[in-house]
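Working notes, structure below.
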Amino acid sequence: MEPVTKGKADGPQWGPRDAMTLLNHNLRRVDGPEKVSGRARYTHDIRLPGMVYARLLLCPLPTAQVELDCSAASKLRGVFAARGLGGKTSMKTGFLGQPIAVVAAETPELAEDAVRAIQATYKALPWSVTPEQALSTEGGKVKDNGNLGKPATEGDEDKFKKAFDSSAAKVEGEFHIPIQHHCSLETHGVVVDFNGGETATVYASTQGTFTVSGDAADALGLKASQVTTIVDYMGGGFGSKFGLGVEGLTACELARELKRPVHLMMTREDEFLAAGNRSGSIVKLKVGADSEGRLIALDGDVMKLGGIGGGAFNKPQYAYSLSDSKPPSQDEESGKPARPSKDGLHTSIRSLYMHTDSSRAMRAPGHPQTSFPIESVIDDLAYQLKIDPVTMRKKNLANEVHPKQLDRVAERIGWAKHPNKTAPQEQPDADGTKTGIGFAVTIWGSHGGAGCECKVAIGRDGSLQSIVGSQDLGTGTRTYVAAIAAEEFGLPLSACTAKIGNSNYGNANPSGGSSTVPSLAPAVKSAAYKAAQAFLEHLAGVVKRPIEELEFRGGSLVDAKVLPDAKEEKERKAGKGPKALMTWKEACATLGAAGISGEGRWDQSLTHADGVHGAQGAKVKVDLATGRVQVLQMVGVQDCGLPLNRTAVESQLNGGMIQALSYALHEERVIDPALGLMLNANFNDYKLAGCQEMPEFVPLIDEDDIGRGPIGMAEPAVTPGHSAIANAICNACGVRLHSMPFTADKILDGLAALAAKGGTK
Amino acid sequence: MKAFELIRPTTLDQVLELLPKKENRDRVRVVSGGQDLYTEMKEHLAEPDQLIDLKRLPDLDRIEVDAAGTVTIGALVTIAALAEDLRIQSKLTVVSEAAASVASTQIRNVGTVGGNLNQRPRCWYYRHEGAKCLKKGGTECFSKEGLNKYNAILGGGPSYIVHPSDLAPALICAGAEVVLVKKGSSRSVLLEKYYTLPSEGDVTRETVLEPDEILTHVKIPAPPAGWRSTYIKFKERGSFDFALASVAAGISVDKEVIRFARLVLGGVATIPWRVPQAEEKLVGKKNDPASRKEAAELALRRAEPLSDNEYKVALTKNLIERALAQLGA
C-alpha cells in the first residue's frame, strides 16, 4: 500500500502510518546540502550595495546614570552615525548590558572603533546582580516596591506539616540552578534593506517571520504591507528570538535616517548580556513519602531569577501527583497514586529581581529548572525507603504513559542488571571510578493553533511547490513542508520544493512552545489535499471519467478500481506503469499556464492537544580522583504523535539530551557581584559541552503513541536529562549535588564531605 | 581590534633590529601563531602599533637531535608538529603528551612552541577589559577576594593568576632551557628560571624576557638512563579547555628504586610549579602507593587555597599519585 488520494474523499486525514512513503520515515533534510556547502545564506551573510554595519554600545554597569558624548565617534572617517538610542544623551540604565548607543560605519571594524570612541561617563547606582545582593538591604532596588515579587501560593501550610510529620521518609533540600544562555550559533540581528523608497525588506534571524514587519514598518515610516521579512535560513533561537527587538528597531531607525541598508548583528558578548537567558532558580523543597513510596507531602518555596524579568518555573511537584496520607489501600499495586490528593501540597513561587537582562522563553520554559529539584528528591526518598527509583516514580505518576516509558528506558540502559539501585557503588572499579544510573521524566503540551495558511501549487512543468511563510529554526520545518505535499501525490521528496521564510507567502505562526508542527503541518496537509482534489477534478474532465474513479498513486493518475499488483507497482514507481492513465508529467501538461493549487488552513482535526510524555535515563562514570563526570549513555523515550520525519524527531531528542548534558556539566552565567561584570560572556569561559563530552545517545520514539497527529518535539526533549545525570552521579558515588552545574570541584567537595562522615570509600 | 602595522621580516637580524626598547614594549609585539596574542588584541588587552610576524624566518620551525641526544626545538615549531614528532614521543613522552593536550586541533596546528611558552595568564578578571586589575596595571587583584575557582593555590600574591601553559611544566620536567637572543648577544636560561612570581619584580609580566629579546629555541638535554615520563592534564571540559590542574612527572628507576625524579605542576600556580621537596622524597624509594602519597602531600604542603579553589589541593594530589602510578615500578 502507499498513499492514495482519492477523488472526493471526505477531507484531509493523515491515514494509516504503515501506508506512508515519506512521513513516518527517515528523511534527509532537503536543505542539508545548502547548509553543509555554505550556500545557505543566513541573515548574518547578507551583503547589499551601500550597506553599513551598525553596532550597539552596551552599558558596562548593572545600573548607572549615563551621559553620552558621541561627537568624536561621529567624526571618524567612514562613520555614518553615532548616537544614543532614541537620540538620548543622558539616561538611567536598569540592567547590565543595556544597549545605550549605536553607531553605523562602512565596515564592522570601523563600527567597533566608533563604538569605542563614544565618550560615555557612567555614574554607578547601587546594584543587585546576585540573589544575595537582591535580598540584602544594601542591594540596589530593581523595582520600587522591592526586589522580591509577590508569591503565587497554593495549598495549606498546616496541612502540609501534618502530612510531612506523618511521612515515613523525609527529604529537605535547597537547590541552586544557575542562569543558562540560549547560545544560538547565529546571534540576534537584522539586515534592513531600505533606501528611502516605498518598500523595504528586513532579513531577520527570528523565530517569527510574521512578528517583524509591523514594528519595522512603524520604525521605517511605512505600512506593514510595504515591508517584507525574509527568514531564509536562521541559526537557532531556542525561544529567544521573537519580534523586532531593540537591535532590529535600531537598525530600522538607522536605515530610515541614512537611506542605506543597515546590517546589525549582535556580537557574542552582546548576545550573552542582552539577548535573554533561561532564568535561574533557588528552590527549597521539603518532601515526604509514605512507607510504600507515595508522595504525601510537598512544600516548595521557589525564587525565580529572571533579572529584570519574572523568570519561569513549573509546579514544584512537576509531573508527579501527591496521594492522600491515609494508609495505603489495595490500589497501591496498580502502580498509580492511590488516592490523588493535594492536601499535603504547599507551594510558593515568586520572582527575585536583579539588574540583569530579562530572562526570555527558552526551550521548555521553567521545566528543566523544575525537574532537577523534584527528581533529585524522589531518588533520595527512594534510597531512604530502599525502593527502586523507577518503581518509586511509577507510583507517583498519574498517567499510563510514563510508567511504560520508564520501563523501556530502564530496559535499554541495563537497569535490571545494575547492582546498586538504592545506594551508591560500594567499591570503585580498578580505574578509580564508580558508575551510576539515573532517571527523570518530562511533560509538555502538544497543542497547535490557528493562523497558518499554506498553498500547494502544481505547475504545468510538473513542479510541485509547498508555500508558506514559516521560518525553519534549524529543526527541519522546510523538509516536512515539502514532504507532506509530496506524500499527498505519492511523489518522492525531491519532487516538491518548499518555499518558506518570507512574509509575502501565507501566514505562519511564530515557532515557540513546540507548536510549529501541530500548527503548520495541518495547514500544509489541508493545502495538499485541496490541491489534489482540484487537480483530480480537472483531470476528470480531461480523461472524461467520474472523479470518484480517479486517484494519484506514485505520482501517476490511475483508475481507482484497479488495485495494483507488485509488478505494476514497481513499474509505476519507475514512471511507466501500464495501468497509469497518465504519468505525473502528462497530467501536469494538461494544465493551463497558471497551473492549479490548493490553499489550506489549520485544521484542528489533524492535531491532538492532550500533551506528551517522555522519560530519560543517564549512565555516568565518576572519577573519584578528579571529580570528572563522564556521561556514558543517555536514553530518551518520547511520545510524539505522528513522526513527520523520524530522523528529525530523533535529532530533537538527541539535541535535547545534548543541551541538557551541557546544562548539567558546564553551563552557568557568572557575574562578579562587586564589579558588576559578567566574567564569562564568551565561548571560552561560558563552557558548552563539546565532542569529548558526548555519550552514546539512544533516542527512542514511543511507538505506542498511535492515532495522534504530528506533535512538536523541541521542548520535552530538553527537560529531564540533567536531572537524570544528577541522579546517576549520586547513584555512582553518593554525592547528592544541590547546585548546578555538576563540575569537578563540587564532586570533589562532596566526596570529601562524605569521607569526613565516613560515608564511602 | 586596534589597527596596527604588520611587519614581516625574513631574517632574525631584521627582527632584532625591530625589537623595542623597554618604554615601547607594549607598542611592538612579535607574533607567530597568534593564538593568544590575537585574542588579547580582539579583547583590547593588547593594543600594539606594530606586529612583527615571525613566520617568514627560516630554520626556527625545526626539531633537531644531536649526537649527544640534546633536542633543540625552534620557537616556530607548531604544537601539532611537536606532538607528532616520533623522536619526542619515544624519548620525551611528557613533552609530546603535553603538546597533544593543548587546546584543540585547530589551535595546535597554528600555535607555536614559542607562543605557548610566552602566552599571557588565565584569570577571568585579567581577561576582562572592564576589570582594571593588578595584572593590567590596576591596584587590586580581584581574584583574591572574588570568584577564584580557577585561580592559583601556589605562588600567589599579590596576583593569583594561573600560568596556563601545558608545554612549560613538561619542558621543565625534562630539564629544558630556553635561548634568548638580542642584538649582539644571546643567553640561555633554564626554563624553570624563566618564569617570575608576581611577588618578584614587575607584576604585569610573567617572564625574564627583556623587551629587546626574543626566545628562539628550547633545548632539552638527553634524559637520564631509565627515564620515564608522563603529563596528565585535568580539564573541566574534555573538549578544548585549560587545565584545572596538571602534572608533569618523570622518574628514572633502577632495580625498582627511584634514582631521579622531576615533578612540575601546571594550572595551579602563578608560574609552572616545580616541587623539589617532593622530588627528593621520591629518590631512593620504590614507586609504591605510600611514596606516591607522601610525595603528593609534600608537593601541596605549601598550598594556600582561596575561597573557591580548595578542591584543587585534593585534585592535584590525586593527579600526582596517578601520574607516578602510570610510570610504573
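The values are calculated or read from the model by the stated rules, or taken from the named source; none is laboratory data. Keep in mind that what you see is a predicted model, and the values were worked out from it rather than measured. A quick note on method: Cβ atoms are made from the backbone with ideal geometry, for glycine too, and the neighbour counts reach across all protein chains shown.
From the list B:A248, B:A225, B:A243, the one residue that fits, being closer than 30 Å to B:L180 by Cα and more than 22 Å from the chain's Cα centre (by Cα), is B:A225. Scan segment A:148-167 and tell me whether some residue there is within 25 Å of A:P673 (Cα to Cα) and in contact with a Phe, Trp or Tyr (Cβ under 9 Å, 6 or more places away or on another chain). Within segment A:148-167, one or more residues are within 25 Å of A:P673 (Cα to Cα) and in contact with a Phe, Trp or Tyr (Cβ under 9 Å, 6 or more places away or on another chain). Report yes if A:A714 is part of a loop (DSSP other than H, G, I, E, B) and away from chain B (no Cβ under 12 Å), otherwise no. Against the criterion (part of a loop (DSSP other than H, G, I, E, B) and away from chain B (no Cβ under 12 Å)), A:A714 qualifies. Residues in segment B:188-225 that are basic (K, R) and under 24 Å from B:D53 (Cα atoms): B:R205, B:K219.
Only residues that are of a type in the set (A, V, I, L, M), under 21 Å from B:L154 (Cα atoms), within 14 Å of chain A (Cβ to nearest Cβ) and part of a helix (DSSP H, G or I) were counted across segment B:284-329, and they come to 8.
Quick grid of which residues meet (1) at pLDDT 95 or above; (2) farther than 29 Å from B:D66 by Cβ; (3) in a strand (DSSP E or B); (4) within 14 Å of chain A (Cβ to nearest Cβ):
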{"site": "B:V203", "(1), (2), (3), (4)": "yes, yes, no, no"}
{"site": "B:T230", "(1), (2), (3), (4)": "yes, no, yes, no"}
{"site": "B:F234", "(1), (2), (3), (4)": "yes, yes, yes, yes"}
{"site": "B:F240", "(1), (2), (3), (4)": "no, yes, no, yes"}
{"site": "B:A249", "(1), (2), (3), (4)": "yes, no, yes, no"}
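Scan segment A:604-646 for residues that are charged (D, E, K, R) and farther than 21 Å from A:I706 by Cα and jot them down. Scanning segment A:604-646 gives A:K619, A:K621, A:D623, A:R628.
Set side by side, the residues A:T199, A:T228 differ, and just one is at pLDDT 95 or above and closer than 21 Å to A:D45 by Cβ, which is A:T228. Within segment A:252-271, identify whether any single residue is in contact with a Phe, Trp or Tyr (Cβ under 6 Å, 6 or more places away or on another chain), surrounded by 24 or more Cβ atoms within 10 Å (Cβ to Cβ), at pLDDT 95 or above and not aromatic (F, W, Y), and answer yes or no. Yes - at least one qualifying residue is present in segment A:252-271.
For every residue, the table says whether it meets (1) under 30 Å from A:H181 (Cα atoms); (2) in contact (Cβ under 8 Å) with a residue 24 or more places away in the chain.
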site: A:S376; (1), (2): yes, yes
site: A:K386; (1), (2): no, yes
site: A:T391; (1), (2): no, yes
site: A:E411; (1), (2): no, no
site: A:K421; (1), (2): no, yes
site: A:A430; (1), (2): no, no
site: A:T435; (1), (2): yes, yes
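Residues to consider are A:K170, A:K159; find the one that is in contact with a helix residue (DSSP H, G or I) (Cβ under 8 Å, 6 or more places away or on another chain) and among the basic types (K, R). Only one candidate qualifies: A:K170. Within the set B:A222, B:A168, the sole residue that is touching a Leu at 6+ places or on another chain (Cβ under 9 Å), touching a residue at least 24 places away in the same chain (Cβ under 8 Å) and away from chain A (no Cβ under 14 Å) turns out to be B:A168.
Within segment A:37-57, can one find any residue that is closer than 30 Å to A:G139 by Cβ, touching a strand residue (DSSP E or B) at 6+ places or on another chain (Cβ under 9 Å) and not assigned by TED's automatic domain parsing to the domain that holds A:R646? Yes, the conditions are met somewhere in segment A:37-57. Scanning segment A:719-756 for residues that are in a loop (DSSP other than H, G, I, E, B) and either out of contact with any Lys or Arg (no Cβ under 7 Å at 6 or more places or on another chain) or β-branched (V, I, T) (or both) returns A:T719, A:P720, A:G734, A:V735, A:R736, A:H738, A:M740, A:P741, A:F742, A:T743. Against the criterion of being of a type outside the set (A, V, I, L, M, F, W, C), modelled with pLDDT of 95 or more and surrounded by 15 or more Cβ atoms within 10 Å (Cβ to Cβ), A:G139 does not qualify. Considering the conditions (1) surrounded by fewer than 21 Cβ atoms within 10 Å (Cβ to Cβ); (2) touching a residue at least 12 places away in the same chain (Cβ under 8 Å); (3) in contact with a Gly (Cβ under 8 Å, 6 or more places away or on another chain), B:G238 is excluded by exactly one of them, (2).
Of B:I107, B:I73, all but one fail to be more than 13 Å from the chain's Cα centre (by Cα) and buried (at least 21 other Cβ atoms within 10 Å of the Cβ); the exception is B:I73.
If the condition is being within 7 Å of chain B (Cβ to nearest Cβ), among the charged types (D, E, K, R) and either within 25 Å of the chain's Cα centre (by Cα) or assigned to a loop (DSSP other than H, G, I, E, B) (or both), then segment A:664-688 contributes A:D685, A:K687. The residues of segment A:105-119 that are farther than 14 Å from A:V52 by Cβ and either away from chain B (no Cβ under 13 Å) or of a type in the set (V, I, T) (or both), listed by number, are A:I118, A:Q119.
Taking (1) without any contact (Cβ under 8 Å) to a residue 40 or more places away in the chain; (2) part of a loop (DSSP other than H, G, I, E, B) in turn, A:T201 satisfies each apart from (2). Residue pairs whose Cβ atoms lie under 6 Å apart, separated by 6 or more positions or on different chains, with the first residue in segment A:111-129 and within 29 Å of A:H263 (Cβ to Cβ) and the second among the small types (G, A, S) and not in a strand (DSSP E or B), are A:A114/A:A73; A:A117/A:A72; A:A117/A:A73; A:I118/A:A73. For B:H128, all conditions in the list (1) in contact with a helix residue (DSSP H, G or I) (Cβ under 6 Å, 6 or more places away or on another chain); (2) within 13 Å of chain A (Cβ to nearest Cβ) hold save one; what is the number of the exception? Checking B:H128 against (1) in contact with a helix residue (DSSP H, G or I) (Cβ under 6 Å, 6 or more places away or on another chain); (2) within 13 Å of chain A (Cβ to nearest Cβ), the one that fails is (1). Inside segment A:130-165, residues that are assigned to a loop (DSSP other than H, G, I, E, B) and free of Cβ contacts under 8 Å to residues at least 24 places away in the same chain make up a count of 8.
Of the set (1) in contact (Cβ under 8 Å) with a residue 40 or more places away in the chain; (2) within 14 Å of another protein chain (Cβ to nearest Cβ); (3) farther than 14 Å from A:L305 by Cα, all apply to A:P99 but (2).
Yes or no: segment B:272-283 includes at least one residue that is touching a His at 6+ places or on another chain (Cβ under 7 Å) and either more than 14 Å from chain A (Cβ to nearest Cβ) or part of a loop (DSSP other than H, G, I, E, B) (or both). Scanning segment B:272-283, I find at least one residue that is touching a His at 6+ places or on another chain (Cβ under 7 Å) and either more than 14 Å from chain A (Cβ to nearest Cβ) or part of a loop (DSSP other than H, G, I, E, B) (or both), so the answer is yes. Condition check: modelled with pLDDT of 95 or more, more than 14 Å from A:P710 (Cβ to Cβ) and surrounded by 21 or more Cβ atoms within 10 Å (Cβ to Cβ). Does A:V649 satisfy that? The answer is no for A:V649.
Just the residues that are assigned to a loop (DSSP other than H, G, I, E, B) and more than 13 Å from chain B (Cβ to nearest Cβ), please, taken from segment A:120-129. Matches in segment A:120-129: A:L125, A:P126, A:W127, A:S128. Where residues in segment B:131-165 are within 14 Å of another protein chain (Cβ to nearest Cβ) and part of a helix (DSSP H, G or I), which of them is nearest to A:P62 (Cα to Cα)? Per the criteria, the residue is B:F142.
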